[in-house]
Amino acid sequence: MKRFLLCPILLLICMMGMLQSFGTIATAQEKPAEPPKKENEFEQRKALYLQISSLTGIPWYRLAAIDQYERTITKVRPKTRKQLGEFVSVFVTEPGWTGELNPDTEDQLPASIRWFSGIGRDGDGDGLAKRTSDTDLLYSVADHFTHFGPSEEDFAIGAWQYYHNTRAVQRVRQFSALYAHFGRLELFEHAFPLPIGTNYSYRGTWGTSRSWGGFRIHEGTDIFANYGINVRSTCYGIVEIKGWNPYGGWRLGIRDLNNNYHYYAHLSGYEKNLRVGSIVKPGQLVGFVGSSGYGKPGTQGKFPPHLHYGVYRDSGLIEWSFDPYPLLRQWENSERRQLRQSNH
């Protein structure tokens, strides 16, 4: 009886070995080696995005968007996620990589990983699907998206099937649009929200109490200035929200590539061409200082004119505010230095 039970198991092991041998040979022949490392991490990442794009047909800016979204989530969840690759931030759990029912949680054999429906793939042609390889990580995720069509809607469906999270779908689409628009990865410069040299004042007011509409804390910094002073984007980003809010009046929300939401409130108006989905860069005009809010649409003048500026960080499930005052000081001082240097 034991011999009869062993036969199917031995046959399965032999079949998996044959599949692995065939997969290793095919992979080594079809996929190019990992590109040589460069000194600049942005260059390394861009080279890898282009390489995987040429293999899979997925545009490089979509691969960059997925990787950057994963990077932002790892940053806010360091205890449950870790950097697996050297400079790619794609994160896949061990069961997700090797397959939920795979008894070998450290399996690197592409054929057996496929057998157990794991996501792990061999991207660099060395015959192994290594969870710590930048190329294998990115190729494995890209392989998932090859099962969907090339349109933006197809990409959104693929992102939903991968993340099962509407926030994640929105973020990777936003990041993809930014990378496609600017054509580069280095999009992390900042500007002060009001023009340097204009008459304004501010101090740290984050966390102080507010009473209108019920007790709450102040989730930002108030920058007091005259009506109509230009309000500028502090970052490279995409307009996520525009319109009236009873608390913030005419307000604006811009999402950047660090997955931070920049909130501008109490505006008197917007730049005329600004729309939800508009792509902006640091220093670009987005609106004007006002005193709107604390009531129904159009309410003005319940407080002195100022810009309420807040920043919120996305954990993938919720967002929370943090004090923007240190950032504002840093951006203001940096811009002042640049202006002094340009005038000499």
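The values are calculated or read from the model by the stated rules, or taken from the named source; none is laboratory data. The shown structure was predicted, so the numbers you read here are calculated from the model rather than taken from an experiment. Glycine gets a Cβ as well: all are built from the backbone with ideal geometry, and neighbour counts include every protein chain shown. Accessible surface areas use protein heavy atoms only, side chains included; no ligands, DNA or RNA. Shrake-Rupley method; radii C 1.70, N 1.55, O 1.52, S 1.80 Å.
Looking across the stretch 147-158 at every residue that is part of a loop (DSSP other than H, G, I, E, B) and open to solvent by less than 50 Å² (accessible area, probe 1.4 Å), the one that is modelled with the highest pLDDT is identified as 151.
Does residue 144 satisfy the criteria of being open to solvent by 30 Å² or more (accessible area, probe 1.4 Å), assigned to a helix (DSSP H, G or I) and not acidic (Asp, Glu)? The answer is yes for residue 144. Just the residues that are farther than 27 Å from residue 328 by Cα, within 14 Å of the chain's Cα centre (by Cα) and outside any helix (DSSP H, G or I), please, taken from the stretch 159-205. Result: 165, single match. For residue 119, the criteria (1) crowded, with 19+ Cβ neighbours inside 10 Å; (2) touching a residue at least 60 places away in the same chain (Cβ under 8 Å) hold in every case but one, which is (2).
In the stretch 98-110, the residues that are closer than 21 Å to residue 139 by Cβ and in contact (Cβ under 8 Å) with a residue 40 or more places away in the chain form Cβ pairs under 6 Å with partners that are open to solvent by less than 70 Å² (accessible area, probe 1.4 Å) and of a type in the set (A, V, I, L, M), at six or more places apart or across chains, as follows: 110/129. In the set (1) assigned to a loop (DSSP other than H, G, I, E, B); (2) more than 23 Å from residue 44 (Cα to Cα); (3) of a type in the set (A, V, I, L, M); (4) open to solvent by 50 Å² or more (accessible area, probe 1.4 Å), the condition left unmet by residue 128 is number (2). Looking at residue 88, is it touching a Ser or Thr at 6+ places or on another chain (Cβ under 9 Å) and crowded, with 21+ Cβ neighbours inside 10 Å? The answer is yes for residue 88.
Restricting attention to the stretch 39-74, and to residues there that are free of Cβ contacts under 8 Å to residues at least 12 places away in the same chain and of a type outside the set (S, T, N, Q), which single residue is most open to solvent (accessible area, probe 1.4 Å)? Looking at residues that are free of Cβ contacts under 8 Å to residues at least 12 places away in the same chain and of a type outside the set (S, T, N, Q), I get 39. Here residue 322 fulfils each of the conditions (1) of a type outside the set (A, V, I, L, M); (2) modelled with pLDDT of 95 or more; (3) within 24 Å of residue 249 (Cβ to Cβ) apart from (2). Comparison of 171, 114 shows that the only residue that is modelled with pLDDT of 95 or more, open to solvent by less than 10 Å² (accessible area, probe 1.4 Å) and over 21 Å from residue 43 (Cα atoms) is 171. Among the strands (runs of 3 or more DSSP E) confined to the stretch 228-344, the ones with at least 2 residues that are buried (at least 19 other Cβ atoms within 10 Å of the Cβ), out of contact with any Gly (no Cβ under 7 Å at 6 or more places or on another chain) and aliphatic (A, V, I, L, M) are located at 306-314.
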